[in-house]
Amino acid sequence: MSVVLVAEDEPRIASFVAKGLRSAGFTPLVCGDGATALDHALTGDVALVVLDIGLPVLDGFEVLRRLRERGSTVPVVVLTARGSVDDTVAGLEGGADDYMAKPFRFEELLARIRLRLRESRPESGATSLRAGDVELDLRTRRLSVAGEGRDLSAREFGLAETFLRHPGQVLTREQLLSRVWGYDFDPGSNVVDVYVGYLRRKLGPGRLATVRGMGYRLDPQG
Ligand code: CA
């Protein structure tokens with residue numbers, strides 16, 4: 001039975017989420033402030049955290065920052081007011097996995113929770129992905145290129161993981177955006193191109209090709 005921590009100070013929303021989780025077969029653990037949420041999340045017994053941004057004591061951003069600072073990789077789905085989505089997306093660079101704008105339907109939240117839980121569990125015990133001389137360690141989140149280690153930011157890791165799961169295949173901006181950023185595609189956003197640029201520098205020349213008008217492709221070498 002997977003325990004899902006629900007850090008939400010509005011009782012109505014907390015009980016709505018807890019009730020839905022229970023009927024979907026999860027064990028909800030509800031708390032109403034950021035400090036308690038952080039304590040629970042750090043115990044390691046929690047499979048996923050649903051984290052409200054507007055929390056008393058420590059806000060959601062601070063909880064997330066401290067969680068990642070202490071090396072926790074627990075998946076987090078952030079709840080945010082619809083009007084603060086831009087701020088939230090900026091704040092998520094700290095390492096959250098996804099967000100949900102309020103008000104939301106429970107089914108939408110459940111779909112994200114299931115997706116994140118599936119992704120956080122490496123398939124058949126695999127702890128790394130490899131393509132040619134590029135290897136990504138899914139536990140330490142470190143990239144190795146021709147035997148040389150490189151540190152990645154949370155977004156770079158998400159991108160690297162996506163490319164390494166589909167070596168030699170063209171991935172569109174839309175696919176990368178929805179897989180790594182998890183929100184609806186904004187055709188005006190160049191965030192994918194920017195982060196592909198960062199990752200390309202870490203991979204070294206010739207490994208991440210731009211396919212004009214289509215997207216990007218990882219070309220394994222070695
Ligand atoms: Ca709140």
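Residue-by-condition table, conditions (1) at pLDDT below 80; (2) assigned to a loop (DSSP other than H, G, I, E, B):
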| residue | (1), (2) |
| --- | --- |
| Asp45 | no, yes |
| Gly54 | no, yes |
| Leu58 | no, yes |
| Arg66 | no, no |
| Gly71 | no, yes |
| Val78 | no, no |
| Asp87 | yes, no |
| Gly91 | yes, no |
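Please indicate, with yes or no, whether at least one residue in the range 105-128 is outside the structural domain of Glu156 (by the TED database), within 12 Å of the chain's Cα centre (by Cα) and modelled with pLDDT of 90 or more.
yes
Name the single residue, out of those in the range 141-156 being of a type in the set (Asp, Glu) and under 21 Å from the mean Cα position of the chain (by Cα), that is most open to solvent (accessible area, probe 1.4 Å).
So in the range 141-156, the residues of a type in the set (Asp, Glu) come out as 148, 151, 156.
Applying the additional criterion that residues be under 21 Å from the mean Cα position of the chain (by Cα) yields 151, 156.
Values: Asp151: 101, Glu156: 13 Å².
For the range 141-156, the residue satisfying everything is Asp151.
Any idea which of Arg139, Arg112 is closer than 18 Å to Val74 by Cβ and in a loop (DSSP other than H, G, I, E, B)?
Step by step, each of Arg139, Arg112 is checked, and only Arg139 is closer than 18 Å to Val74 by Cβ and in a loop (DSSP other than H, G, I, E, B).
Restricting the search to the range 16-25, which residues are open to solvent by 70 Å² or more (accessible area, probe 1.4 Å) and either within 16 Å of the ligand (Cβ to nearest atom) or hydroxyl-bearing (Ser, Thr, Tyr) (or both)?
Taking the range 16-25 as the starting set, the residues that turn out to be open to solvent by 70 Å² or more (accessible area, probe 1.4 Å) are 16, 19, 22-23.
Of everything in the range 16-25, those that are open to solvent by 70 Å² or more (accessible area, probe 1.4 Å) and either within 16 Å of the ligand (Cβ to nearest atom) or hydroxyl-bearing (Ser, Thr, Tyr) (or both) turn out to be Phe16, Ser23.
Can you find a residue in the range 87-97 that is surrounded by fewer than 21 Cβ atoms within 10 Å (Cβ to Cβ), more than 30 Å from Thr127 (Cβ to Cβ) and away from the ligand (no atom under 14 Å from the Cβ)?
Yes, the conditions are met somewhere in the range 87-97.
If you go through the range 60-80 one residue at a time, do you hit one that is open to solvent by less than 20 Å² (accessible area, probe 1.4 Å), within 12 Å of the ligand (Cβ to nearest atom), of a type in the set (A, V, I, L, M) and over 16 Å from the mean Cα position of the chain (by Cα)?
Among the residues of the range 60-80, not one is open to solvent by less than 20 Å² (accessible area, probe 1.4 Å), within 12 Å of the ligand (Cβ to nearest atom), of a type in the set (A, V, I, L, M) and over 16 Å from the mean Cα position of the chain (by Cα), which makes the answer no.
Which count do you get for residues in the range 26-35 that are assigned to a helix (DSSP H, G or I) and within 14 Å of the ligand (Cβ to nearest atom)? Spell out the reasoning first.
To start, the set of residues in the range 26-35 that are assigned to a helix (DSSP H, G or I) comprises 34-35.
Those left that are additionally within 14 Å of the ligand (Cβ to nearest atom): 34.
Residues flagged as assigned to a helix (DSSP H, G or I) and within 14 Å of the ligand (Cβ to nearest atom) within the range 26-35 amount to 1.
Being modelled with pLDDT of 80 or more and more than 17 Å from Leu129 (Cα to Cα) narrows it down to one of Pro220, Pro205, Pro167, Pro187, so name that one.
Values: Pro220 fails: more than 17 Å from Leu129 (Cα to Cα); Pro167 fails: more than 17 Å from Leu129 (Cα to Cα); Pro187 fails: modelled with pLDDT of 80 or more.
Pro205 is the lone residue from the list that is modelled with pLDDT of 80 or more and more than 17 Å from Leu129 (Cα to Cα).
The values are calculated or read from the model by the stated rules, or taken from the named source; none is laboratory data. The structure displayed is predicted, hence computed values, not measured ones. Cβ coordinates were reconstructed from backbone atoms using ideal geometry, including for glycine residues, and neighbour counts include every protein chain displayed. Protein only, heavy atoms only, side chains kept; ligands, DNA and RNA dropped before computing areas. Shrake-Rupley method; radii C 1.70, N 1.55, O 1.52, S 1.80 Å.
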